[in-house]
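Comments concern the structure below.
The values are calculated or read from the model by the stated rules, or taken from the named source; none is laboratory data. A quick note: this is a predicted structure, and the numbers were derived from the prediction, not measured. With ideal geometry, Cβ positions are generated from the backbone for all residues, glycine too; neighbour counts draw on all protein chains shown.
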Amino acid sequence: MPEIKVEGLSHVYSPGTPFEKVAIDGIDLETEHGELVGIIGHTGSGKSTFIQHLNALLQPSSGRILYNGEDINATKASRRNIKYKIGLVFQYPEYQLFEETVFADIAFGPKNMKLGEEEIRERVYEAASFVGIDRDYFDKSPLELSGGQKRRVAIAGVIAMRPDVLVLDEPTAGLDPEGCRQILSNICEYRKETGSTVFLVSHSMDTVAEIAERIIVFNNGNISFNAKPEEVFAHAKELEDMGLSVPAPTLIAESLKAKGLPIDGPVYTHEKLLNEILKAKGANKDA
């Protein structure tokens, strides 16, 4: 049984008005527990609307979402409980930090779950450790932190609820390269340690190419591709027609192939590109 099964999901904003807009249109999708899934698409493609359905923040116009075989929108209680099973981190989540201290902000979700104080403390420590926030920061105001630290505190607040599925909407948006690297490293480490499913929404093709095992491409409210990275990025022309790019290593590899270098197979990460260049260099030496 798939962990998440999406059946004929559609969402229409402002139905029956001059502003009616079909955001997603009859999509079907299945994911298994423990996958790291990248979601890409141009602005307005439907990807953000889709992820807000995953934890019942939005209600479908038609269709349904099953979590471990149960309709997440079946009852008011199921809609409430799914928020603790599927945790959603919004884009720029640091703007939603509002407690007086870092500890209190991370503890907000577990408190809403009516957990005991010892359990809450344990979860805060655990979540802070996952995202690299030292306990020395616990008594500080979130407003005193850097942008990257705020982002990690906000992510920790969701992780502290120990969701089975973690959904992140542009988690590296607006951060410098080092901040991006740290956030992505934290996410991968969290997934490795817990075995949780992770959905990562990103505009950065390089980011998705580096860490995702599967990529879902949204376009005009539909899913155009749902496959492994090498299969998706083999369709560079189609992606460009959708207003998307391909990873920088793919462009470099194509340029080198055009110059006659024997570049083999799909190249979409920096590691793969380096390996192909070294192989080509070795082949030229032998020749």
Q: Can you tell me which residue within the range 174-206, out of those that are under 18 Å from residue 247 (Cβ atoms) and more than 12 Å from the chain's Cα centre (by Cα), is surrounded by the fewest Cβ atoms within 10 Å (Cβ to Cβ)?
A: 177
(Q) Where the second residue is modelled with pLDDT of 90 or more and the first is of a type in the set (Val, Ile, Thr) and lies in the range 224-243, which pairs have Cβ atoms under 8 Å and are six or more apart or on separate chains? (A) 232/215; 232/217; 232/225; 232/239
Q: Answer with yes or no whether residue 103 is under 28 Å from residue 208 (Cα atoms), aromatic (Phe, Trp, Tyr) and touching a helix residue (DSSP H, G or I) at 6+ places or on another chain (Cβ under 8 Å).
A: no
Q. If you take the residues in the range 86-104 that are at pLDDT below 95 and part of a helix (DSSP H, G or I), which one is farthest from residue 158 (Cα to Cα)?
A. 95
Q) Is it the case that the range 136-156 has a residue that's under 29 Å from residue 53 (Cα atoms) and touching a strand residue (DSSP E or B) at 6+ places or on another chain (Cβ under 7 Å)? A) yes
Q: Inspect the range 15-22 for any residue being touching a residue at least 60 places away in the same chain (Cβ under 8 Å), closer than 23 Å to residue 170 by Cα and under 15 Å from the mean Cα position of the chain (by Cα) and give the result as yes or no.
A: no
(Q) Against the definition (at pLDDT 95 or above, over 17 Å from the mean Cα position of the chain (by Cα) and among the basic types (Lys, Arg)), how does residue 80 come out, yes or no? (A) no
